[in-house]
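The structure appears right after this line, and notes come after that.
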Amino acid sequence: MLCRAALSAPRCTNARCLLSRVQITAASCHPKFAPAVHRQSSRHWSNVPYLTMPLIRSHGKPFAHRSELKHAKRIVVKLGSAVVTRGDECGLALGRLASIVEQVSVLQNQGREMMIVTSGAVAFGKQRLRHEILLSQSVRQALHSGQNQLKDMQVPVLEARACAAAGQSGLMALYEAMFTQYSICAAQILVTNLDFHDEQKRRNLNGTLHELLRMNIVPIINTNDAVVPPPEPNSDLQGVISIKDNDSLAARLAVEMKADLIIVLSDVEGLFDSPPGSDDAKLIDIFYPGDQQSVTFGTKSRVGMGGMEAKVKAALWALQGGTSVVIANGTHPKISGHVIADIVEGKKVGTFFSEVKPAGPTVEQQAEMARAGGRSLATLQPEQRAEVIYRLADLLTDHRDEILAANKKDMEEAEDKGRLAPPLLKRLSLSTAKLNSLAIGLRQIAASSQDSVGHVIRRTRIAKDLELEQVTVPIGVLLVIFESRPDCLPQVSALAIASGNGLLLKGGKEASNSNQTLYRLTQEALSLHGVKDAVQLVNTREEVEDLCRLNKLIDLIIPRGSSQLVRDIQKAAKGIPVMGHSEGICHVYVDSEASVEKVTRILRDSKCEYPAACNAMETLLIHRDILRTPLFDQIIDMLRVEQVKIHAGPKFASYLTFSPSEVKSLRTEYGDLECCIEVVDGVEDAIEHIHKYGSSHTDAIVTENESVAEYFLQHVDSACVFWNASTRFSDGYRFGLGAEVGISTARIHARGPVGIEGLLTTKWLLRGENHVVSDFSEHGSMKYLHENIPVPQRTTS
């Protein structure tokens, strides 16, 4: 508790003198911990565990982007009454409070300087006083009546200042116990408006807080509600915000202490453009000064002094003072356990206040534009959608030099930075041959798109003059995230155009120049029929994980990249289906009756033609009868000539005196000139191995025995199963689909290379003549027919 004498006393830098001025109530400040406090006060930020970069920042302007919040060194966490108070407003939400303390402790131990502005004293005191009053009443009633039977007792209305006086010490004792678990010391400071308006008291308060932070102590600050007068309306001083509530207090302290960030936790997700819960209320991701007129404020929180309007006013005042602000939900059980950490990591949580307004639309606006544009695209005639794709194919060849120049710039930057492995560099590279193949594939898509959207799959006569149709329609808005492969952009765009889907594209930074050029050409092609908005390239700093949370705007996510990228997206997706494969562990089984001429040719193509591809062979299964035969020697010689590093499976290693290095896992996707060789006893053993260690992508058999081959084709449960053919044929272009948005190993709803049909769903159209269900009841006048009606033949190109 910060007493008046302490605020007016000369500043002392001695730790013991400081502790006499500020009530340090944490048990971790016991004398036995004192040496640790002194040691921590002199530690260097670069030596803090888990810290990836020094937290050195000169305070001046607030952060412009969320991604910069990870650099915040001094952070104020404001806990609203709704966050720390139970639903009955009598007592504290201990679970939430413990989670918040844990997150603050982790950040403090990373080398950051954490301060907490807390509510809760009134609620804690109300719980305590209610208990005392009820106990006192029960004793008096028992003495008066001479009986132990208690009647209904009324608890008087408790005055807030009395509750605050009774609850403040208990609240601090709770913080003390929680921070002790992390060997962190906490200090309590109570303030009022006068402490900020009196210059001497301001300087003393400032000095006390700085000294606490220097000693690695977490200050826990609250308004002194036991003595503070009711707030006066419009009492803000010129350029100085009044301490009307803890939102104002947090802003005032943050600016006074030159904090980098304030995290304001409340019982709402952030700032909405209209009261939360109302129709069409949308969460505002980034709020800029001057946007207040676009927001309609609702009522204030169920507890506490402030409302959202007070939070916004305090946030804008802090922003003007050089401190960044995020308002977020601290009560949601699924996110409150990591909300503070997520905000500091730069994740898209709550509303971020920024002075820098981007020139282009936000990603949410882009998704809405893609949906509206996709719906317009779907209403075009099939010939018009085909014209757009043909136009894009022509632009790829007409602007070949411009595309290759942009790609050359990407390649040079990637090579200079040295951050891309050779396989990824190969994916990044474009060439005349690649562009020609792209153009051919796009023309195939255009030709096959004539009868995609609106195709009648089934027709049924339900009853007389009541006919039902099932027709194909676009899925909606697709989010395609791709790494290193700029050729993916026109391919996926063409498939989205052909299927009438809106499209959000998120490419890797390493291909930014190529992607920008290809996207501009795509926009030019879409302009042919006025549907530019249907395809959007995300250029903002949104992280992939943030994009995966836009479940109200995106209908399907399709990742194109490494297995790690796919796994990360599948984990991050919040309510959005993800179509793709997490790994491409493809097998080739060489049967005992395999042709000598075919084996080495197929194996060389499967492994060496493009080892970075997801359809490249990773494990070679060899029938045991082939060991120590000329065919086996030829296989090994071919792999050696192609410089393929061989890893031995357990069975293969047991056959050899001197074997290659034994594999650590039979579920490895190498993505390079490496593969595993394993021995199997026959086709059943090979199938069992594939089902146990494979990824259901592509698996092949090389044999001249047709019955063995058919057994393999029917029993291997993978998206693509081949006989006497390279695994590299697993590709949308090679399948005649024109291109693919990816290869799906899932079973719902598309599998294998996904072309136009994999981007369509269906809807039902019912045409009647004044039909009602009651006519079909037991005593009704109509009967169901359910007759199949022939479906018109699809046109072929």
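The H on the amide N of residue 723, modeled in the peptide plane, is under 5 Å from the matching H of 701, each at least 5 residues off or on a different chain.
A 1.4 Å probe run over the protein chains yields, for segment 548-653, 41 Å² of accessible area per residue, whole-number rounding. Note on residue 457 and residue 778: with the Förster distance fixed at 30 Å, the Cβ-Cβ geometry gives a FRET efficiency of about 0.40. Amide H contacts for residue 286 (H built 1.01 Å from N in the peptide plane; partners 5 or more residues away or on another chain; cut-off under 5 Å): 352.
Starting from 0.36 nm per residue, how many nanometres of slack lie between residue 672 and residue 98 once their C-alpha separation is accounted for? Write down the numbers at each step before the final one.
Values: separation 574, 0.36 × 574 = 206.64 nm, distance 4.76 nm.
Between residue 672 and residue 98, full extension yields 201.9 nm more.
Please work out whether segment 714-756 counts as rounded, prolate or oblate from its C-alpha gyration tensor, where a ≥ b ≥ c are the square roots of the eigenvalues and a/c under 1.5 means rounded, while otherwise a/b larger than b/c means prolate and anything else oblate?
Taking the square roots of the gyration eigenvalues as a ≥ b ≥ c, segment 714-756 is oblate.
When you filter the trypsin sites (Lys or Arg not before Pro) in segment 406-473 for DSSP loop state and at most 12 other Cβ atoms inside 10 Å of their Cβ, you are left with 419, 464. Heavy-atom accessible surface of segment 441-546, averaged per residue, reaches 31 Å², computed with a 1.4 Å probe. Take the Cα of residue 692, step 7 Å toward its Cβ, do the same at residue 467, and the gap between the two points is 5.7 nm.
Rounded to the nearest Hz, the phi-derived 3J(HN,Hα) couplings of segment 178-183 under the Karplus curve 6.51 cos²θ - 1.76 cosθ + 1.60 (θ = phi - 60°) are 6, 5, 4, 4, 10, 6, where x marks glycine and proline.
For segment 313-377, trypsin sites (Lys or Arg not before Pro) are listed when DSSP marks them as loop and at most 12 other Cβ atoms sit within 10 Å of their Cβ; the list is 334. Model label sites at residue 447 and residue 643, defined 7 Å from Cα along the beta-carbon direction, differ in position by 3.9 nm.
Expressed in nm to one decimal, what extension gain is obtained for the pair residue 789 and residue 210 from 0.36 nm per residue of sequence separation less their Cα-Cα distance? Intermediate values should be presented prior to the final figure.
Details: separation 579, 0.36 × 579 = 208.44 nm, distance 8.14 nm.
Full extension of this stretch gives 200.3 nm more.
Remark: relative contact order (segment 586-738) = 32 percent; criterion is Cα-Cα distance under 8 angstrom and separation of 6 or more residues. Couplings 3J(HN,Hα) of segment 271-284, computed from phi: 9, 9, 6, 8, x, x, x, 7, 4, 6, 5, 10, 5, 8 Hz, in residue order, whole Hz [Karplus 6.51 cos²θ - 1.76 cosθ + 1.60, θ = phi - 60°; x for Gly and Pro].
Rounded to the nearest Hz, the phi-derived 3J(HN,Hα) couplings of segment 311-324 under the Karplus curve 6.51 cos²θ - 1.76 cosθ + 1.60 (θ = phi - 60°) are 5, 5, 4, 5, 5, 5, 5, 5, 4, 5, x, x, 10, 6, where x marks glycine and proline.
Each of residue 417 and residue 763 was given a label point 7 Å from its Cα along the Cα-to-Cβ line. The distance between the two points is 4.2 nm. Shown here for segment 696-797: chymotrypsin sites (Phe, Trp or Tyr not before Pro) in loop regions (DSSP other than H, G, I, E, B) with at most 16 other Cβ atoms within 10 Å, namely 735, 784. Split the accessible area of segment 649-766 by element, probe 1.4 Å, and carbon with sulfur accounts for 50%. Note on residue 714 and residue 665: with the Förster distance fixed at 25 Å, the Cβ-Cβ geometry gives a FRET efficiency of about 0.30.
Here the accessible area of segment 496-605 is 44 percent carbon and sulfur, with a 1.4 angstrom probe and all protein chains present.
The values are calculated or read from the model by the stated rules, or taken from the named source; none is laboratory data. Owing to the predicted nature of the structure, the values given are computational and were not obtained by experimental measurement. When we count neighbours, we look across all protein chains shown, and the Cβ atoms used for this are built from the backbone with ideal geometry, even at glycine. For the accessible areas, the whole protein counts, side chains as well, though only heavy atoms, and no ligand, DNA or RNA atoms are used. Shrake-Rupley method; radii C 1.70, N 1.55, O 1.52, S 1.80 Å.
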